[in-house]
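Some notes on the structure that comes next.
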Amino acid sequence: MANLRYVPEFQIAINSTPVPAVLRASVTNVSLQTGLEGADRVELGLVNENLRWLDHPLLALDNELTLSIGYAPDPLEQMFVGEIVGQTASFPSSGVPTLTVAAQD
C-alpha cells in the first residue's frame, strides 16, 4: 500500500476569480474564524515587497473574497464567502513590509 501524505492546501478567489499566482505566492498566513450566530472572518497575511499590494485593486474594500481549504490531493471545500472590510499595513525596521487583509461575511 502506498504511503499517502496529505498537504494543507487553500484557494483564494476575489470577485469569483482565482487570485493570480503572484498574489498567492505572497500569502504568508491564512486565518479563518467562525462562530455561532456571529460574523465569520478571514485574515490573509501578505508579504508586501515594494508595497505592491498596498493599493492593488484586487484587494480593494467591498471586493468579494472566497476561501476554500482542504488537503491535497482531495478536493477543496469552500469555507468562507464575504467582503474585504479592512487592511492593515506593517513596516517593520527589521524585515519586509506586510499587509493583512480582513474579510467578513
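I want to confirm something. Restricting to the range 29-53 and keeping residues that are among the polar types (S, T, N, Q) and over 19 Å from Met79 (Cα atoms), which single residue is modelled with the highest pLDDT? Checking each candidate, the answer is Asn48.
For the range 81-105, a tally of residues being open to solvent by 60 Å² or more (accessible area, probe 1.4 Å) and either among the aromatic types (Phe, Trp, Tyr) or touching a residue at least 24 places away in the same chain (Cβ under 8 Å) (or both) returns 7. Annotation: Ser68 fulfils all but one of (1) closer than 24 Å to Val7 by Cβ; (2) at pLDDT below 95; (3) hydroxyl-bearing (Ser, Thr, Tyr); the unmet one is (2).
Can you name the residue in the range 88-103 that is assigned to a strand (DSSP E or B) and over 12 Å from the mean Cα position of the chain (by Cα) and is also nearest to Leu32 (Cα to Cα) among such residues? Filtering the range 88-103 for residues that are assigned to a strand (DSSP E or B) and over 12 Å from the mean Cα position of the chain (by Cα), the one nearest to Leu32 (Cα to Cα) comes out as Thr88.
The values are calculated or read from the model by the stated rules, or taken from the named source; none is laboratory data. Keep in mind it's a predicted model, so treat the numbers as computed, not measured. Note that each Cβ is placed from the backbone with ideal geometry, even for glycine, and that neighbours are counted across all protein chains shown. Note: accessible area is taken over every heavy atom of the protein model, side chains too, but ligands, DNA and RNA are not part of it. Shrake-Rupley method; radii C 1.70, N 1.55, O 1.52, S 1.80 Å.
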